[in-house]
Amino acid sequence: MPDPELEVEEIKKGACLNEVNKRKEDAMKIMSLGKMPRKVTAGEIAELEKPWNRYASPGTRVEVAFPDDFEGSQVWGVLAQQKIQNGLDHIMEAPSLIRKIVWAAENGYDAVVQSNTFDPGIDGARLSVSIPVIGPFRTTIHIVANLVDRIGIVVPLPSHVPYTWRLLRTMAWTGSSPASGASISTARTSKKRSRKSPAKRPS
């Protein structure tokens, strides 16, 4: 004769297993997308994912990924050597980034966060998928705009200054009034400029 107590235990175990599987299926999966192709090992990926997942809520998993290699992907290295990074690399990277974000949407990701602070590929990707595509630049600006009247932005190189102003203009951030003001300086000169008046917005 089957033991009723054992049968009840088996049913409970099966129910628990189903609950665990359901939780796995319901877990949110977010992709943190790098801006350019990069060859990394599984161990390196695991290290890159650690800081992301420290901020994730229980049941949310953040996975790091990179776009596939594409013709012209070396332009970033060339511009970096010449210290004239003016946004050209971001324009050339956009198609590959969009393809990767479309792939993410088709493979179960609930959202994609671009890890580069200049938001490359964000606008085109938002037109291509229904999942949220988050850019850290515009997200930060919009949050800070609710807290303060003026914003200072520090960028790595002088060539980033006009590029950053162009990005701000796409967000309707004109800097034409104190309530919508912003100043941008490079990392090397930010300390000196903090003692003086902020740099004027280029026309």
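The values are calculated or read from the model by the stated rules, or taken from the named source; none is laboratory data. This one's a predicted model, so the numbers in the text were calculated from it and none came from an experiment. When we count neighbours, we look across all protein chains shown, and the Cβ atoms used for this are built from the backbone with ideal geometry, even at glycine.
Out of 195, 201, 188, 150, one residue alone is at pLDDT below 50 and more than 17 Å from residue 119 (Cβ to Cβ). It is 195. Which of the residues belonging to the stretch 141-158 are surrounded by fewer than 14 Cβ atoms within 10 Å (Cβ to Cβ) and closer than 23 Å to residue 94 by Cα? Matches in the stretch 141-158: 142, 156.
Restricting attention to the stretch 134-157, the residues being outside any helix (DSSP H, G or I) and either more than 17 Å from residue 36 (Cα to Cα) or not β-branched (Val, Ile, Thr) (or both) number 13.
The set of residues from the stretch 32-87 being assigned to a loop (DSSP other than H, G, I, E, B), surrounded by fewer than 16 Cβ atoms within 10 Å (Cβ to Cβ) and either at pLDDT 95 or above or hydroxyl-bearing (Ser, Thr, Tyr) (or both) comprises 41, 57. The set of residues from the stretch 106-121 being in a loop (DSSP other than H, G, I, E, B) and polar (S, T, N, Q) comprises 107, 115, 116, 117.
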